[in-house]
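K.L.:
Provided herewith is a single structure, encoded as C-alpha cells, for subsequent inquiry.
The values are calculated or read from the model by the stated rules, or taken from the named source; none is laboratory data. This one's a predicted model, so the numbers in the text were calculated from it and none came from an experiment. Glycine also receives a Cβ, built like all others from the backbone with ideal geometry; neighbour counts cover every protein chain displayed.
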Amino acid sequence: MKCDRCNQDISEGDAREYYGQNLCDDCYMDALSPARTCDPWAVYTAKSIAESKGAGLQLNDIQKKILQALEETGGVEFPVLVEKVGADAKVVEREFAALRHIEKVRAEMRGDKKVLRLW
C-alpha cells in the first residue's frame with residue numbers, strides 16, 4: 001500500500017485513514033497539525049516561556065541555516081529558502097513557523113512576491 005499524499009510505501013496495517021485517504025504517519029501528523037506561522041497563542045507562549053526561564057534560545061541546525069540564509073540574502077521566496085537550507089520543504093516550513101513564533105523571522109510582500117526575511 002502507498003501513502004495517498006507522498007506515495008511512500010506503507011506496511012500493511014500501518015496506514016492511517018484521514019478523510020478517505022490512506023496516509024503514512026508523517027503525512028497523517030502533518031494533516032492533523034499543519035505548520036501555522038501566524039498563531040498568536042504560539043507567539044504568546046514562546047514569549048512567556050522565554051521570559052520566565054530567562055534562558056537563551058536553543059536553535060536546531062535547520063533553524064540556524066534558515067537564519068543564516070535570510071541574513072545573507074536579505075530575504076527570499078520560500079522555494080529559494082528551501083534550496084539554500086537543503087532540507088525538505090515540510091521541514092523548512094515547520095522550522096520557519098517556530099522561528100516566526102519567537103519573532104526571529106517574518107514574511108512581507110515585495111511587489112507581488114511573498115518574501116521571507118529576518119524580523
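K.L.:
Here is a list: 40, 34. Which entry is within 24 Å of residue 109 (Cα to Cα), modelled with pLDDT under 95 and within 13 Å of the chain's Cα centre (by Cα)? Lay out the reasoning, then the answer.
P.N.:
Working: 40 fails: within 13 Å of the chain's Cα centre (by Cα).
Among 40, 34, only 34 is within 24 Å of residue 109 (Cα to Cα), modelled with pLDDT under 95 and within 13 Å of the chain's Cα centre (by Cα).
K.L.:
Taking the stated definitions as given, is residue 37 in contact (Cβ under 8 Å) with a residue 40 or more places away in the chain, among the polar types (S, T, N, Q) and either surrounded by 12 or more Cβ atoms within 10 Å (Cβ to Cβ) or under 30 Å from residue 9 (Cβ atoms) (or both)?
P.N.:
Considered against the rule, which asks whether it is in contact (Cβ under 8 Å) with a residue 40 or more places away in the chain, among the polar types (S, T, N, Q) and either surrounded by 12 or more Cβ atoms within 10 Å (Cβ to Cβ) or under 30 Å from residue 9 (Cβ atoms) (or both), residue 37 comes out as yes.
K.L.:
Quick test of your reading of the structure: residue 26 fulfils all but one of (1) at pLDDT below 85; (2) not assigned by TED's automatic domain parsing to the domain that holds residue 1. Name the failing condition by number.
P.N.:
(2)
K.L.:
Which pairs have Cβ atoms under 7 Å, sit 6 or more apart or on different chains, and link a residue in region 98-119 that is under 16 Å from residue 68 (Cβ atoms) to one that is among the acidic types (Asp, Glu) and not in a helix (DSSP H, G or I)?
P.N.:
Partner pairs satisfying both residue conditions: 117/108; 119/103.
K.L.:
Answer yes or no: is there a residue in region 49-62 that is without any contact (Cβ under 8 Å) to a residue 24 or more places away in the chain and either among the acidic types (Asp, Glu) or surrounded by 17 or more Cβ atoms within 10 Å (Cβ to Cβ) (or both).
P.N.:
Yes, region 49-62 contains at least one residue that is without any contact (Cβ under 8 Å) to a residue 24 or more places away in the chain and either among the acidic types (Asp, Glu) or surrounded by 17 or more Cβ atoms within 10 Å (Cβ to Cβ) (or both).
K.L.:
Next question. With the structure loaded, tell me whether residue 72 is closer than 30 Å to residue 111 by Cα and exposed (fewer than 12 other Cβ atoms within 10 Å of the Cβ) or whether it fails that test.
P.N.:
yes
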